[in-house]
Amino acid sequence: MGAGAIATLLLIFLVLIGVVVIFSFIPVGLWISALAAGVRVGIITLIGMRFRRVPPARIVNPLIKADKAGLNISVNQLEAHFLAGGNVDRVVNALIAAERAAIPLPFERAAAIDLAGREVFQAVQMSVNPKVIETPLVSAVAKDGIEVKVIARVTVRANIDRLVGGAGEETILARVGEGVVTTVGSAESHKHVLENPDLISRTVLSKGLDAGTAFEILSIDIADVDVGRNIGAQLQTDQAEADKQIAQAKAEERRAMAVAREQEMKASVQEMRAKVVEAEAQVPLAMADALREGKLGVMDYYNLQNILADTQMRDSLAKMGQGKGESGPLMPDKK
């Protein structure tokens with residue numbers, strides 16, 4: 001094979017590589033598909049998307065879908081939403097669903113809802129087909145002290161105008177639970193609640209619980225009502241037990257104070273006895289001083305000792321008589 005043939009083959013190979021590179025960079029097939037669908041998208045626009053790192057298929061295919069659905073959406077709007085981090089295909093699906101359901105939803109609002117992190121297509125579906133949310137078991141106490149357990153089902157519809165900045169399902173459930181507690185708590189008896197469960201739904205629904213939320217409450221239905229514990233009696237029992245413990249504590253405090261007072265009195269008695277003993281110990285000293293000073297004679301001292309001995313004897317006889325009983329003094333037998 002000559003040098004000319006090799007050069008020709010090399011040229012053909014380079015041309016093929018160039019064509020492959022061009023067709024991989026320039027989405028000619030996508031441009032042809034758009035022309036076939038009647039959507040005018042310039043080839044320069046598609047090349048510009050490549051430079052802006054935007055996949056052309058992510059823009060052109062939703063544009064074709066929107067055009068076939070009769071929506072007036074431009075390439076720039078879709079590309080700007082994609083560059084902002086949105087889901088172009090989901091927004092277009094939501095716009096088509098809203099247009100079929102006669103729900104006014106402009107592209108700017110749908111894009112804002114999508115960028116806010118909400119499922120715009122699911123919101124449109126919820127506007128057409130309302131969603132039922134079941135509350136957890138709500139426990140409330142009527143005025144008679146009986147606990148009432150309530151489970152409610154809330155039927156909501158998405159509010160497109162309040163999807164951006166509106167509260168979610170958790171707020172709806174919290175408000176409904178609060179309304180149930182308020183309604184049951186204002187009832188005079190739990191029997192009245194059991195007889196009229198629709199009173200709860202009417203009262204709660206009239207409070208406008210969907211204000212500031214992304215939903216519109218259509219109905220609140222009571223799914224289950226059950227009687228729980230007697231909270232009033234339990235509270236009274238607990239209060240009585242607490243009062244008893246307080247009274248016992250106060251009684252124990254008074255007993256401890258009495259015991260302490262008794263010990264103080266015993267200590268005072270011992271102290272007085274010690275003083276008496278101390279005073280009695282001073283008597284012999286005083287008598288000795290009187291004898292030395294001549295103020296007391298020896299005979300006077302002897303007479304005092306006799307008196308003391310006589311007194312001690314009389315005390316001994318009296319104690320012996322008490323030990324033998326109350327029968328009186330023993331008399332000698334007469335023969």
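The values are calculated or read from the model by the stated rules, or taken from the named source; none is laboratory data. Quantities reported herein were computed from a predicted structural model and do not represent experimental measurements. Counting neighbours? That spans all protein chains shown, and the Cβs are built from the backbone with ideal geometry, glycine included.
Summed over the stretch 289-300, residues that are surrounded by 10 or more Cβ atoms within 10 Å (Cβ to Cβ) and of a type in the set (Asp, Glu) total 2. Taken together, the criteria exclude Ala98 from residues that are closer than 22 Å to Pro55 by Cα and assigned by TED's automatic domain parsing to the domain that holds Ile59. The conditions of being part of a helix (DSSP H, G or I), modelled with pLDDT of 75 or more and among the hydroxyl-bearing types (Ser, Thr, Tyr) are not met by Thr8. Tallying residues that are of a type in the set (Ser, Thr, Tyr) and either under 11 Å from Ile200 (Cβ atoms) or loosely packed, with under 13 Cβ neighbours inside 10 Å (or both) within the stretch 160-190 yields 3.
Might you check whether a residue that is among the polar types (S, T, N, Q), modelled with pLDDT of 85 or more and surrounded by 10 or more Cβ atoms within 10 Å (Cβ to Cβ) occurs anywhere in the stretch 269-288?
Yes: one or more hits.
Does Val154 satisfy being assigned by TED's automatic domain parsing to the domain that holds Arg229, assigned to a loop (DSSP other than H, G, I, E, B) and either closer than 30 Å to Leu194 by Cβ or touching a helix residue (DSSP H, G or I) at 6+ places or on another chain (Cβ under 9 Å) (or both)? No.
If you go through the stretch 85-130 and pick out every residue that is touching a strand residue (DSSP E or B) at 6+ places or on another chain (Cβ under 6 Å) and not in a helix (DSSP H, G or I), you end up with 1.
Summed over the stretch 160-194, residues that are acidic (Asp, Glu) and closer than 26 Å to Leu95 by Cβ total 2.
Residues that are of a type in the set (Val, Ile, Thr), in a helix (DSSP H, G or I) and under 23 Å from Ala110 (Cβ atoms) within the stretch 32-84 comprise Thr45, Ile59, Val60, Ile64, Val75, listed in sequence order. Restricting attention to the stretch 58-93 and to residues that are of a type outside the set (D, E, K, R), loosely packed, with under 15 Cβ neighbours inside 10 Å and more than 19 Å from Gln122 (Cα to Cα), the residue that is nearest to the chain's Cα centre (by Cα) turns out to be Ala84. Of the candidates Val75, Val92, Val132, Val39, the single residue that is closer than 26 Å to Ile172 by Cβ and not small (Gly, Ala, Ser) is Val132. Just so you know, in the stretch 216-268 the residues that are touching a helix residue (DSSP H, G or I) at 6+ places or on another chain (Cβ under 9 Å) and among the aliphatic types (A, V, I, L, M) include one that is surrounded by the fewest Cβ atoms within 10 Å (Cβ to Cβ), and it is Val227.
Residue-wise test of (1) more than 30 Å from Ile160 (Cα to Cα); (2) of a type in the set (A, V, I, L, M, F, W, C); (3) free of Cβ contacts under 8 Å to residues at least 24 places away in the same chain.
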{"residue": "Ser201", "(1), (2), (3)": "no, no, no"}
{"residue": "Ser219", "(1), (2), (3)": "no, no, no"}
{"residue": "Lys244", "(1), (2), (3)": "yes, no, yes"}
{"residue": "Ala279", "(1), (2), (3)": "yes, yes, yes"}
